[in-house]
Amino acid sequence: MEKTRCLIIGSGPAGYTAGIYTGRADIKPLLYEGDQPGGQLTITTDIENFPGYPEGVAGTAMMADLRKQAQRFGCDVRSGFIKEIDLSHRPFLAKDDHGVKIEAETVIIATGATAKWLGLDTEKQYYGIGVSACATCDGYFYRNQVVAVVGGGDTACEEANYLSTLCSKVYLVHRRDELRASKAMQRRVLENPKIEMLWNSRISSILGTELDGVTGMEIEDTKSGAKKEYDVNGIFVAIGHKPVTDFLNGQLELDEQGYIKVQNPTSATSVPGVFAAGDVCDPNYRQAIVAAGKGCVAAMDVERFLQSN
């Protein structure tokens with residue numbers, strides 16, 4: 001049985017920043033990187049909106065920097081993932097994917113949230129070269145170009161409106177004949193001259209080449225089955241995210257979307273000694289800089305908790 005004062009589950013900006021801060025506090029944290037070391041930023045395009053990188057930086061490079069920084073301050077960074085955890089009493093008991101048992105005085109959950117995708121083979125093929133799940137992250141690369149957003153909720157409408165400030169035209173592809181977004185958000189989209197609605201539509205295929213990336217999309221009418229091609233340079237999938245919380249088996253209080261509830265402005269969860277940071281508890285912003293800040297908050301909350309318990 002291994003023992004640690006702080007077990008950090010998940011990497012990415014939140015997890016690594018929590019590792020940096022708990023390491024500097026001499027807590028000697030143990031961090032498991034999960035199935036995707038570095039999180040979603042390792043499969044995105046260059047990052048241009050994270051402070052400190054005036055020329056931009058590759059997601060893999062930035063995560064490697066954060067990882068090294070956490071290790072520098074004594075964070076034990078391990079590959080693999082936490083398979084199961086018992087939060088019913090302190091110290092908490094966890095087991096990794098190799099069967100190693102861990103006893104932790106505190107836990108920081110930074111497992112993130114994964115984007116929901118359309119399930120197309122071509123979607124995977126062009127991910128990062130024309131297909132994205134974050135307009136705020138990647139919209140800048142499509143200035144004065146034609147793009148499409150897929151979805152009908154508030155997120156899709158927000159992304160379409162945002163992209164309309166950068167792009168020459170935005171198609172909003174929705175499988176129904178009315179939007180699910182709030183009335184105010186619907187009005188903003190429907191009154192925007194740069195946004196064209198494609199009602200009762202779904203993307204049946206994404207067109208492009210390995211050299212040029214996305215060049216178009218094939219749209220299928222959900223009622224008639226008729227198909228038509230459109231020229232687009234980018235496609236933003238905005239049909240929701242799924243927080244990575246299944247391994248918790250309902251031991252923490254979640255909101256209606258499955259995100260971990262925290263006691264704002266802290267990172268405290270419904271279980272004393274368990275904290276959450278990053279996209280796993282953030283259905284609103286989902287930005288690297290926000291996740292990093294919340295990783296700092298969680299680390300400081302852990303330090304204070306250990307001092308008082």
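The values are calculated or read from the model by the stated rules, or taken from the named source; none is laboratory data. Keep in mind that this is a model prediction, so the values were computed, not measured. As a convention, Cβ positions derive from the backbone with ideal geometry for all residues, glycine included, and neighbour counts pool all protein chains shown.
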The range 164-205: number of residues that are closer than 13 Å to A238 by Cα, part of a loop (DSSP other than H, G, I, E, B) and in contact with a strand residue (DSSP E or B) (Cβ under 6 Å, 6 or more places away or on another chain): 1
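In this structure, does D35 turn out to be closer than 23 Å to Q287 by Cα, outside the structural domain of T136 (by TED's automatic domain parsing) and without any contact (Cβ under 8 Å) to a residue 12 or more places away in the chain? If you could, list the steps in order and put the result at the bottom.
Details: closer than 23 Å to Q287 by Cα: yes; outside the structural domain of T136 (by TED's automatic domain parsing): yes; without any contact (Cβ under 8 Å) to a residue 12 or more places away in the chain: no.
Answer is no for this residue.
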Of the criteria (1) in a loop (DSSP other than H, G, I, E, B); (2) at pLDDT 95 or above; (3) in contact with a Pro (Cβ under 9 Å, 6 or more places away or on another chain), which one A291 fails: (1)
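Residues checked against (1) under 27 Å from C137 (Cβ atoms); (2) touching a residue at least 40 places away in the same chain (Cβ under 8 Å):
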{"residue": "Y16", "(1), (2)": "yes, yes"}
{"residue": "I27", "(1), (2)": "no, yes"}
{"residue": "E48", "(1), (2)": "yes, yes"}
{"residue": "V57", "(1), (2)": "yes, no"}
{"residue": "R67", "(1), (2)": "yes, yes"}
{"residue": "V77", "(1), (2)": "yes, yes"}
{"residue": "H89", "(1), (2)": "no, no"}
Positions within the range 284-303 being crowded, with 20+ Cβ neighbours inside 10 Å and acidic (D, E), in sequence order: D301
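Select from the range 107-134 the residues that are in a loop (DSSP other than H, G, I, E, B) and either of a type in the set (A, V, I, L, M, F, W, C) or surrounded by fewer than 16 Cβ atoms within 10 Å (Cβ to Cβ) (or both) and list them in ascending order.
As a first pass, look at the range 107-134 and keep what is in a loop (DSSP other than H, G, I, E, B): 110-112, 116-120, 126, 128-130, 133-134.
Of everything in the range 107-134, those that are in a loop (DSSP other than H, G, I, E, B) and either of a type in the set (A, V, I, L, M, F, W, C) or surrounded by fewer than 16 Cβ atoms within 10 Å (Cβ to Cβ) (or both) turn out to be A110, K116, W117, L118, G119, L120, G128, I129, A133, C134.
Just to check your reading of the model, which residue among A94, A104 is modelled with pLDDT of 95 or more, within 22 Å of R304 (Cα to Cα), in a strand (DSSP E or B) and small (G, A, S)?
Working: A94 fails: within 22 Å of R304 (Cα to Cα).
Selected residue: A104, the only one of A94, A104 that is modelled with pLDDT of 95 or more, within 22 Å of R304 (Cα to Cα), in a strand (DSSP E or B) and small (G, A, S).
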Some residue of the range 206-225 being in a loop (DSSP other than H, G, I, E, B), buried (at least 16 other Cβ atoms within 10 Å of the Cβ) and in contact with a Lys or Arg (Cβ under 8 Å, 6 or more places away or on another chain): no
Test: residue in the range 219-230 that is under 17 Å from E159 (Cβ atoms) and touching a strand residue (DSSP E or B) at 6+ places or on another chain (Cβ under 7 Å): no
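Checking the structure you have, find out if any residue of the range 30-44 is in a loop (DSSP other than H, G, I, E, B) and over 22 Å from the mean Cα position of the chain (by Cα).
Residues of the range 30-44 that are in a loop (DSSP other than H, G, I, E, B), as a first pass: 33, 35-38, 44.
Add one more test, that the residue is over 22 Å from the mean Cα position of the chain (by Cα), and what stays is none.
No; the residues of the range 30-44 include none that is in a loop (DSSP other than H, G, I, E, B) and over 22 Å from the mean Cα position of the chain (by Cα).
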Hits in the range 135-163 - residues which are under 12 Å from V189 (Cα atoms) and part of a helix (DSSP H, G or I): D154, T155, A156, C157, E158, E159, A160, N161, Y162, L163
Yes/no for E159 being more than 30 Å from V271 (Cα to Cα) and charged (D, E, K, R): yes
Residue among D46, D86 that alone is at pLDDT 95 or above and of a type in the set (D, E): D86
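Out of curiosity, is Y140 touching a Leu at 6+ places or on another chain (Cβ under 9 Å), in the same structural domain as R188 (by TED's automatic domain parsing) and closer than 30 Å to G19 by Cβ? Walk me through how you get there before you give the answer.
Numbers: touching a Leu at 6+ places or on another chain (Cβ under 9 Å): yes; in the same structural domain as R188 (by TED's automatic domain parsing): yes; closer than 30 Å to G19 by Cβ: yes.
So Y140 passes the test.
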